[in-house]
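Encoded as structure tokens, the structure appears first; notes follow it.
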Amino acid sequence: MHTVHEAPLTRSVEDYLKVIYHLSSQGGFAATSDIAAMLEVAPPSVSGMVKRLSETGLIEHVPYRGVQLTQQGRRAALKMIRRHRILETYLTQQLGYDWGGVHEEAERLEHAVSDRLIERMAGALGEPRYDPHGAPIPTAAGEIEETELLSLAEAPVGADLELREVGTQDPARLSYFAEQGLVPGARLTVTDRQPFNGPTTVRLESAGVRVVGRELAQALRCLAAAR
């Protein structure tokens with residue numbers, strides 16, 4: 001039987017739990033090779049940490065399938081995700097940080113700040129529901145909005161969409177998206193898509209026509225716009 005983990009988590013464990021959450025939320029299980037790639041660590045290091053996290057009851061390891069968070073591990077991961085996204089939101093809204101450079105700053109701060117400070121920040125911001133990139137912020141109770149979004153690259157021609165989330169932390173790409181008006185809340189219509197993985201053409205409600213390459217379009221997550 002797994003032991004119940006009560007001791008404070010190390011920075012490394014917190015980072016692993018966040019990555020496993022993001023990977024497993026897309027497909028049910030996180031492959032150790034994908035964990036290694038995202039954290040930029042060697043596969044043997046991941047194997048060792050997986051064994052440790054499994055022993056402490058934070059994850060379940062299923063041979064040949066990968067790992068997934070236990071209920072306890074999910075709570076810990078969502079707590080860190082809340083910290084990160086509150087910090088990003090506070091830095092952009094209150095301190096004037098650019099959304100393209102806020103991720104790394106939040107990565108450094110999230111392991112150091114207290115729960116009390118995070119909740120004071122959240123209160124000062126009016127309990128925001130989304131971070132600057134449009135990602136949902138978990139509540140203090142550990143709940144998170146789970147809405148199925150469609151990437152712009154897969155949206156049908158003629159679709160009226162609302163851009164809800166920009167799925168990249170790359171500063172250059174975020175700067176480009178901002179310049180093009182492709183930001184959370186933007187409303188757009190897909191007017192054309194070229195074959196053979198070609199670009200998608202959209203008409204933005206407030207910024208005219210934009211042509212978006214497939215790789216970039218995959219990072220733009222949308223919801224059907226209410227008419």
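Considering the range 201-213 alone, what residues qualify as being buried (at least 17 other Cβ atoms within 10 Å of the Cβ) and either touching a Pro at 6+ places or on another chain (Cβ under 8 Å) or of a type in the set (Phe, Trp, Tyr) (or both)?
Val212
List the pairs whose first member sits in the range 168-186 and is at pLDDT 95 or above, whose second member is loosely packed, with under 15 Cβ neighbours inside 10 Å and of a type in the set (Ser, Thr, Tyr), and whose Cβ atoms are under 7 Å apart, counting only residues at least 6 apart or on separate chains?
Correct list of pairs: Gly181/Ser206.
Look through the range 115-167, keep the residues that are hydroxyl-bearing (Ser, Thr, Tyr) and modelled with pLDDT of 95 or more, and return whichever of them is farthest from Ala76 (Cα to Cα).
Filtering first and then ranking leaves Ser151.
When the range 17-31 is examined, which residues are found to be surrounded by fewer than 20 Cβ atoms within 10 Å (Cβ to Cβ) and in contact with a helix residue (DSSP H, G or I) (Cβ under 6 Å, 6 or more places away or on another chain)? Before you say what the answer is, go through the steps one by one.
The initial filter retains those residues of the range 17-31 that are surrounded by fewer than 20 Cβ atoms within 10 Å (Cβ to Cβ), namely 19, 22, 25-29, 31.
Result: Val19, single match.
Can you tell me which residues in the range 126-148 are over 19 Å from Glu14 (Cα atoms) and loosely packed, with under 15 Cβ neighbours inside 10 Å?
Hits for the range 126-148 are Gly126, Glu127, Arg129, Glu145, Glu146, Thr147, Glu148.
The values are calculated or read from the model by the stated rules, or taken from the named source; none is laboratory data. Keep in mind that this is a model prediction, so the values were computed, not measured. Cβ: placed from backbone, ideal geometry, glycine included. Neighbour counts: every protein chain shown.
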